[in-house]
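Since the structure comes first, as structure tokens, the remarks are kept for the end.
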Amino acid sequence: MTEYWWIYVLCVLLGAVLTVAWMRRARRRREEAFVPMDDLEGHDFEYYCADLLRANGFEGVRVTKGSGDFGADILAEKDGVTYAVQCKIYSSPIGVFAVQQAVAGREYYHRMVAAVMTNQYYTRAAEEAADRMLVLLWDRDDLARMESFAGKV
């Protein structure tokens, strides 16, 4: 038994290395899977988006009233350009209706640009409508970039 002690030590070291690798991988998965915006309710998501806009250089950022907002949840300005922003927190892709709401908000509040911010992605129809109606679409990847940029400000 004493002549094979090195096998025991090797097995213990290998086990330790595998355990550390597994723990790092599990932690990385938890970090990637957790996105705070997905846990928010509708009005809280609007404030989250407003904070992202502020942190990314937008000024005069204002969250409109909860209901009867005429298609704009947030009003903001950046570099002399005014924005009407519709926020959508859903568990499925965002369709054309959100784009239509943003256009209505742009017109109602006399803003230059309409935009939609979401924790999801957009349907192809929503993307086509946004192209035709000149609406900016910010999906979950864009919000993550805004958030990472905001952390550096």
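The values are calculated or read from the model by the stated rules, or taken from the named source; none is laboratory data. Keep in mind that this is a model prediction, so the values were computed, not measured. Note that we place each Cβ from the backbone using ideal geometry, even for glycine, and neighbour counts take in every protein chain shown. Accessible surface areas use protein heavy atoms only, side chains included; no ligands, DNA or RNA. Shrake-Rupley method; radii C 1.70, N 1.55, O 1.52, S 1.80 Å.
Tell me whether segment 119-127 contains one or more residues that are on the phi > 0 side of the Ramachandran plot and not in a loop (DSSP other than H, G, I, E, B).
Taking segment 119-127 as the starting set, the residues that turn out to be on the phi > 0 side of the Ramachandran plot are none.
Scanning segment 119-127 turns up no residue that is on the phi > 0 side of the Ramachandran plot and not in a loop (DSSP other than H, G, I, E, B).
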Query - Subset of segment 24-48 that is modelled with pLDDT under 80 and assigned to a loop (DSSP other than H, G, I, E, B) - its residue that is nearest to Thr64 (Cα to Cα) - result: Val35
Query raised in the report: Is there a residue being in contact with a Gly (Cβ under 8 Å, 6 or more places away or on another chain) and not hydrophobic (A, V, I, L, M, F, W, C) anywhere in segment 84-93?
Result: yes
Query raised in the report: Residue check, Asp51 against (1) among the charged types (D, E, K, R); (2) assigned to a loop (DSSP other than H, G, I, E, B); (3) open to solvent by 30 Å² or more (accessible area, probe 1.4 Å), all met but one. Which one?
Result: (2)
Report task. Please find, among Arg132, Arg111, Arg106, Arg140, the residue that is in contact (Cβ under 8 Å) with a residue 60 or more places away in the chain and not small (Gly, Ala, Ser). Result -> Arg140
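Can you tell me which residue in segment 128-153 is most open to solvent (accessible area, probe 1.4 Å), limited to those that are outside any helix (DSSP H, G or I) and of a type outside the set (Gly, Ala, Ser)?
Here is the first cut: in segment 128-153, the ones outside any helix (DSSP H, G or I) are 134-139, 151-153.
Filter once more, so that each one left must be of a type outside the set (Gly, Ala, Ser): 134-139, 152-153.
On the way: Leu134: 130, Val135: 15, Leu136: 70, Leu137: 42, Trp138: 38, Asp139: 31, Lys152: 168, Val153: 118 Å².
Checked segment 128-153; the qualifying residue most open to solvent (accessible area, probe 1.4 Å) is Lys152.
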**Report entry** Residue count, segment 68-110 (criterion: open to solvent by less than 30 Å² (accessible area, probe 1.4 Å), in contact with a Phe, Trp or Tyr (Cβ under 7 Å, 6 or more places away or on another chain) and in a helix (DSSP H, G or I))
**Finding:** 1
